[in-house]
Each structure stands twice: as C-alpha cells, then as structure tokens.
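Asker: Handing you a structure now.
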Amino acid sequence: MTSRWRRSVVELALRGRQRGECERAQEALGRVTSCFQQLAVSLGSSADGSFLRDEMDETRHLAQRICRGLSRRLLRLLSDCGPAPSIVEDRQVSERLWVLFLSALEHFLSDLRKAYDLIGRFPLTQRNDRRSLVNTGCMDGVVAVAARVASVQAPWLTMEEEQSPDLTNHIAELEAMQSEMQLRVPVAFWSVEATQLAGAECGGLEGLQEGEDSLEELMEGEGGSRRPACCCLTCV
Amino acid sequence: MTIRSTLQDHGQRYRPRMACLKKSEKVLLEMQDPKTGLKSQPQRLVITTIPHAITGEDIIAWLADRFQVDTQEARSFGSMLVALGYIYPLQDHKRLVIKPDASLYRFQTPYFWPTQQWPVEDTDYAIYLAKRNIRKKGILEMHEQEHYNRLHKWMNHKWDFIVMQAKEQYRAAKERKKPDRVVFDCQERAYWVVHRPPPGTVSAMDYGLDRQIDPNSDEAVTPDVYVRIMIFTQQSIMRPRVKSSVSIGALVKYCATYNNHDPFLSNCLPSNPWITDDVTFWTLNMPCVEIPTKMRVERWTFSFAELLSDTRGRDDFRLFLKKEFSGENLAFWEACEDLKWGEAASIKEKAEHIYKTFLARGAPRWINIDGKTMEVTVKGLKHPHRYVLDPAQTHIYMLMKKDSYGRYQKSPVFKDTVKKAICPDEHRFSVAQLEQNSKKRRPSLSPIILRQMEQEQRAKMAANIDITQLCRFTTPVPHLAVYSGFNDYPTATASPSLTFLAHTPACPSPISVALDSTSVSERRVEEAEGDGNPAARAPVGVSKSRMALSLRRLLKGGYTPATMFASLSPKCHSAAGTSSRIQPISPDQPSQAPPRRIGNFFQIKVDIPPECRIYPIESEDEEEESRAAFRGGVGAKEIICPWESLTTQNGTG
C-alpha cells in the first residue's frame, strides 16, 4: 500500500519534471520559429543569398529536432495520464502544453510552406536570377539573428542526433506529426484557457522599449503623418 | 490549432482564382530589372538612409511607357498594385493609392505578397497586434483594439502561444540593424493595412464567396469528365434558339428602360450610400415606407413583376384591388407564394386552407379560374406538394397582369401615389463632410429584428383582411386560417328565375334574396331540394317569389336596374354555366356545404360568376335586417375539402 503511494509520488515528480522540460522546449521552439520567420522575410529580396538560405536550413533543422522531441514527450505525458481525479490539474497543465505545441506547430508549418513557395519562385541557382530579386531596402544579412538561433538551448538537443531532411520532407514530416498527435490523443482544445488577460503583455518588456519612440518617428519618415487617418475608399 | 477534416464534404472552402495576382507579380519583377526597371533613390531619415525608395511619378511614368497607355490608366494600374500590397507608400501609409508626385513608395518583400492559396490567418494578425501592443504600450487604434479583443476571446485557447510568439518575434526583430528593422516594421504594417483594412476603406483582396473547387488542383481527367462534356454539348444542340435581332432588341429595350434606375450608370438620389456613407437613400426606399420615391413608382410601371416584387408597390396594388373588390386574386397569389416558399411540414395544411378559402365551391374568397385548371388543381390537391397550385397561380397572375394591372395604372389610387411621391435633392458633400459621414457609419438593423417586424406586419395584415373584405354582418371564425373567415354560407341555391338555369344547382343568383326570415326558410327548403342533383328542377315558385323580392329590392333603391338585368342576361348564364363546371371532381355534397348567404352588391362587371362574392351591402337597413336574422342564425358549417369527405359520402352525384 505504502509502496504504491510512494510510487505515485515518484511518478508525479517525474511527470512534473517532464512538464518543466516541455515548457522550456516550448520556449525554445518559439525562439527558433520567430528567428526563422525573420530569415524568411528576406527571401526573394535584395538581401537574399546563399548565406541566408543556409542559415534558414540550420534553423529549420534545429526546430525539427525540438519538435520531434517535444511531440514524443507530450504524447507520452498525455497518454500515460490515468483518469485518476488527483491529477486533474496536472492533466490540465499537460493539455495546455499540448495545445500550445500544436498551435506553434501549425504556425511553423505555414511559415515553412511559404518559404518553400518563395524558394521555388526565386531559385538562386544562376547568376542572372539575382536580377529579379525585389529591391526592398533591406541590405544587411541576418547575422545577428543567426547568432540568436545558435544560442537556443533545448533540453535534449545534445542527446539526440538525427538526420535532417530537406524542405519538402520536413513539411511532410511535420504534417504527419500534426495529424498523428491529433488522432492519438483526444484533447478538447477549447477547454484550455489563457493564463494572461488581454493586454497583459505590454507591461513585461520595459527593457526592450527604450528607443522605441524614435523608431516610430523613423517609420513615419518625412512628410509627417501626424494627421488623422484618412478614411477614403481605396480605388481598385 | 485547427483540425482539418480529410473528408470531402462538398463545402465551399477554396479561394477563387485571382489572376490579377500572378500578373501583378510579373510586372513587379520586371520593375526590378537594373537596366529597364524603375530607378530608385535612397530615403533620407533622421538617423540613417534606406535605399530603394521610388517616387509615385516614376512608377506612373514607367507603367505608361511599358504598357503604352495614358497617364490616367497608368495611375489606376499603379493604385491597383498599391491596393493589392505589392508596393506600399512610405508616407500616409493608410491610403493605398499612387500619388503622381514625389511621394515615396517601396516594394514589398515577397514574404508579404498576397497569395491566392493561403488565406491570411487570424493567428498571425493576433501576434501582430500583440507585438504592436507591446511597442505602443497598450495604446492601439480603435479598430485594432476591437480586433484584439475579439481575437482574445475567440483564440483564448492559444493566447499564451500568441503572446509568447509575439515576444519572441519582437526580440528577434531587435537583433537586426536599425535601418533593416525600420524597413521590416514598415513592411509588416503595410501588409496588415492591406489585409485588415482600417474602417472607411476596403481591402483589395475581397473576393466574395469561397468556391467549391480548388483552382490550384489539377482536374483529373476521368471518363466522367467526358460524359459531362457530351451531355453539355447534346443539351446545347437541343436548346431552342432566338434570332439575335430579337434578343438584342430585348436587351436594348431593357437597357433603355432601366438606364436611369441603375445606380452604377446614373446617380442615385439623393446620393449613393456606398459612396458617400449617407443612408438617406436606403431609408427613403424601405419596404414599408409611407411615401415612395418617384423613381420607385416609375419602376412599377415597367412591368407587373416589378410592381409585385416591390413590397410598397404590392401594398398599393392591394389597396386598389380592395377598392375594386377583387382582392382575392392577389391574396390567392400570395398564398400560393407562401406555399411554394414555406416549410415542407406546413404544405398540407396550407394547401387545405387555400382550397377552403379560394377554390372550393362556396369559398369565401372564390377566385375565377377556368374549369380545366380547376380540375387539374383539385386533382393535384389530393396529394399536395409545393408546386401543386402553380397552374392556378399562373392563371391568376396572368389575369391580374392583363386586366387589373392596366386599370391600376389608370386608377385614382395610383395617380394619387404618383402625385405624392417624393423626389429628393441630390446631396453635395464636401471632402470634410464625407469623412464625417464615414466616421458616423453605424450597422443597420439586425436581420432577426427585421424578420420579426415582417412577421408582425403580416399578422397585422392578416387581421385586417377579415374585417374589411368580409360582409359586415358575418363573424369571422377564429379557428379557420387567415384567408377565410366566414361561417355562414348560402347553399348552392337554385338558379334564378330563368328556368334555363335550372339545371345548375350550384349557381346562386347574384340578385340574391334578402335576409329576412322568410328567405331563410325558403332557402332551407331549397337546400333540401338542391341536393347534388343536376337534374332539372323547376323551383318556379321559389324563383317567382325571388323575382318579387328582387323587385322590392329595386324599388327600395340602392340597386341599379342595370346590374339586375345584366345578371339575368344570357351572359350571366354562360358565366353561371361555367361555374357549374367548376366543381370538384370528387363529389361535394351540397348538403354538407354550409348554407350560404349572398349579399346584395353593386356589380360593376356582369360576367363574374354569381357565387363568388359576398360584399358589404350599401344600404344600412338591409344590414340591420340581416344582422338580426343571422344573429341566431344558421349553424356554422365549414367547407370540407373533397378529399377529406370522400370517406363519409355515400357517393351521390
């Protein structure tokens, strides 16, 4: 009897640790995908180049590794949980992680598809392909972004070394992962609630907000836009 | 997180082909050519300079040159490129137009180009708004705030992800150099101006409904495709053809008629709400408005269908018909429409009511359709379906169109309406007033409320009909439906004094008996005699007394000799004769038909079958007599639908 209790305590502790791992991995995934988006924005523009594409591949592989590990662990977490009432709150936390991961996966997939499309449209295989790149005003590469990606740490990255697929297979793999997860574990995603109120994100980033006002002014450029929004119909 | 179903459900979920996008992209790539493309200049900002800015006039000049068009057209083309989001303005970023001066624009990066395959996701917009919230420290524009609140509610389950991603994206963007960051922020902002336009503007990516077929997928060529092609070509061969002179002539006539009424081709008065944001036009043209506009009234004269389809026009027509005592035609037509478009569960019930009210022998609001149609209709009513009353309805529609419509247009009712119709002055708004108008836009009444109002109106109208169209001395029976209301009906009484009408027992006389007690008893006798027996009867005695009665009527006054004699004329005979044919196929026992009382009336036309009308009597004293007579009068007997009474009859007649 007591051994069963002790076992359950041990199990609970283990599960708690796993959840912590997943949360950290989720954050890491968020970092990697946002960097990926920053890189993808420059695709097809004058800042495009082989360096950019390589960096994108690296980022992608990293994201893939995080995704694989995360999906495996989440599946394990959520299929193991028994229907015992004492672990209802844990189940809720796990479900939240599940929903967040799937949303992140979906978001990343849409970015990947767009990137795939753009790379197909602007292949840089020949020299005069560069002529058709769009002059968007972005000059610099994305070195700092790449560095940010490199600094990401996820709990199991060092442990698991698997081969990295190319873009098409990557997309296919993620899609398969997504449908598998949705089919394997029935999670009612509408029952997950946000932990933050609307507008709560403004407060937390004071350090980052210095110099933001000047950025706004910069964006307006010359020819002040201080006048109120003009409400005219655009002509098409 | 969205769950995508793999089942094919034939729903409409694909974005349509947007050919403009591919074509715009080609043009845009041509603009990038270092030799033949657009020349760019650096944009000087306070801290730095950003290259690749282009001026509006350069864009217009390049387009005009490339496509060999004039400046105006090049300008609209350029504005289209801006509206779609391929080029964005650096100053005045909310107005997506090309200004033909030195104002600066920049090309949008391909990541933010509009696509046909993938719709713009709300998740992305939520992340963008969260980022903006962070940057602006909670001060968003009003429409952005509304969107934010709505998305927070609907995406609550992934809100944590959204906030987390927003913060990460914010931090990632900060890693870039300042000019690039400025460019990226401008690009993102321009993207969302296109796809989530601020109020007062429309998005160029609006495409209407989703389609059923994915335009990006290739259609598999199966034998089914060829079968369909064959069927299509066979049908095209079999289609009847019209001479082009005829069809073009019809088109020309239509255009000429409707030219002034088309809001695209000519001005709406007072002003087009879609352009000036002033809704006077709509309020003046509401369906149940008291005084219509002149244009609306003019449209009623174009065709009968126009008159009927406009609610106000139909009301006017109904008023006219009421004055002419032929309101049952329109009521029948409306009842048929109700049957056609109503719920399936109520078809049987509605069909019965319509039969009882309009079609049965002795119905309170009997309509005049020819025998064949009546035959067909009653036969069909045994197994009623939605379109069972179509032939009858068409007949009545044609009747109204050929007859009443013409008279309506010459009637005082219509002339009065025309005189009272208003013609509002044209609005002339200044630019400032236009802006004011667009700020004051409010949503219209909810469709739920509109439907409730409509139902109330209909109920009110239904209640009204009984009172005005019935005899003033009949009491409406509550349990019968809207269109009926009588409980006292004279029997299929004997024919009038003319013996040659004797063989039509179903033909009551228009010169009806008075309503004193003697007549009641008389008619009870007739009732007994007149049992479904088409054999000749000679109720001479009765008719004599009736003749006497009618003379008395005449002498009392309030009764035109003309009408009386007219109804005695052979014409009436033929009408009566036809009406005798208008009997249901399955025998309708007249004994079961309730006693029918027909009032006297001024008859304007003489060829109307005698058994149809029951109208208020002109003279007062007759009314009182009748009221007294019938107060304690004959018990109410309903008209029974023939198919219902089949079982109970013992098959006479």
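Values in this text are rule-based calculations from the coordinates and carry no lab data. Predicted model only: the values in this text are computed from it and were never measured. Neighbour counts are summed over all protein chains in view; Cβ atoms, including those assigned to glycine, are modelled from backbone coordinates with ideal geometry.
Asker: Using a cut-off of 9 Å between beta-carbons, work out the net charge of the residues near B:Ile50 (Lys and Arg +1, Asp and Glu -1, B:Ile50 not included).
Answerer: Value of the local net charge: +1.
Asker: How large is the convex hull of the Cα atoms of region B:116-189 per residue, expressed in Å³ as a whole number?
Answerer: Here the figure is 112 Å³ per residue.
Asker: When the chain is fully extended, how far beyond the present Cα-Cα distance does B:Glu343 get from B:Thr222, taking 0.36 nm per residue of separation?
Answerer: Answer, rounded to one decimal: 39.6 nm.
Asker: Taking the alpha-carbon distance from B:Lys178 and a cut-off under 26 Å, which lysines remain once sequence neighbours fewer than 8 residues away in the same chain are dropped?
Answerer: Cross-link targets: A:Lys114, B:Lys39, B:Lys94, B:Lys131, B:Lys136, B:Lys137, B:Lys167.
Asker: Which number do you get for Rg(Cα) / (2.2 N^0.38 Å) in region B:322-371?
Answerer: Rounded to two decimals, the normalised Rg is 1.17.
Asker: Is the shape of region A:1-100 rounded, prolate or oblate, going by the alpha carbon gyration tensor and its root eigenvalues a ≥ b ≥ c, with a/c under 1.5 for rounded and a/b larger than b/c for prolate?
Answerer: The shape class here is prolate.
Asker: Also, I was wondering about something else. Which trypsin sites (Lys or Arg not before Pro) from region B:219-285 combine a DSSP loop assignment with at most 10 other Cβ atoms within 10 Å?
Answerer: Answer by residue number: B:Arg241, B:Lys243.
Asker: Non-local amide H neighbours of B:Ala53 (under 5 Å, H modeled in plane, Pro and chain starts lacking H): which ones?
Answerer: For B:Ala53, the qualifying residues are B:Gln41, B:Gln43.
Asker: Separate question: At a Förster distance of 25 Å, what's the computed FRET efficiency of B:Thr233 paired with B:Tyr387, Cβ-Cβ distance as r, to 0.05?
Answerer: E between B:Thr233 and B:Tyr387, to the nearest 0.05, is 0.25.
Asker: Taking the Cα centre of region A:1-144 as origin, work out the dipole magnitude from +1 charges on Lys and Arg Cβ and -1 charges on Asp and Glu Cβ, in debye rounded to 20.
Answerer: 520
Asker: From the phi angles alone, apply the Karplus equation (6.51, -1.76, 1.60; θ = phi - 60°) to region A:50-67 and give each ³J(HN,Hα) in whole Hz, x where the residue is Gly or Pro.
Answerer: Running phi through 6.51 cos²θ - 1.76 cosθ + 1.60 with θ = phi - 60° gives 5, 4, 4, 5, 5, 4, 4, 4, 4, 4, 4, 4, 4, 4, 4, 5, 4, 4 Hz.
Asker: Which lysines have a Cα less than 27 Å from the Cα of B:Lys382, not counting those fewer than 8 places away in the same chain?
Answerer: Of all the lysines, those that pass the test against B:Lys382 - Cα under 27 Å, at least 8 places apart if same chain - are B:Lys340, B:Lys348, B:Lys350, B:Lys356, B:Lys372, B:Lys637.
Asker: OK, next. Taking K and R as +1 and D and E as -1, what net charge do the other residues with C-beta under 14 Å from the C-beta of A:Leu197 add up to?
Answerer: -2
Asker: Which distance in nm do the two modelled labels at B:Val69 and B:Arg13 give, with both placed 7 Å along the Cα-to-Cβ direction?
Answerer: Between B:Val69 and B:Arg13, the label points sit 3.7 nm apart.
Asker: Does region B:253-387 come out rounded, prolate or oblate by the C-alpha gyration tensor, with a ≥ b ≥ c the root eigenvalues, rounded set by a/c under 1.5 and, if not, prolate when a/b is larger than b/c and oblate if not?
Answerer: prolate
Asker: Let me ask something additional. With r defined as the distance between the Cβ atoms of B:Ile248 and B:Arg196 and R0 fixed at 51 Å, what FRET efficiency is calculated, to the nearest 0.05?
Answerer: FRET efficiency, B:Ile248 to B:Arg196: 0.65.
Asker: Take B:Glu426, project a point 7 Å from its Cα along the Cβ direction, then tell me which residues of region B:250-272 have their backbone nitrogen under 19 Å from it.
Answerer: Only B:258-272 pass the distance filter.
Asker: Here's a follow-up. Explain nothing, just the number: dipole magnitude of region B:26-81 about its Cα centre with +1 on each Lys and Arg Cβ and -1 on each Asp and Glu Cβ, in debye rounded to the nearest 20.
Answerer: About 220 debye.
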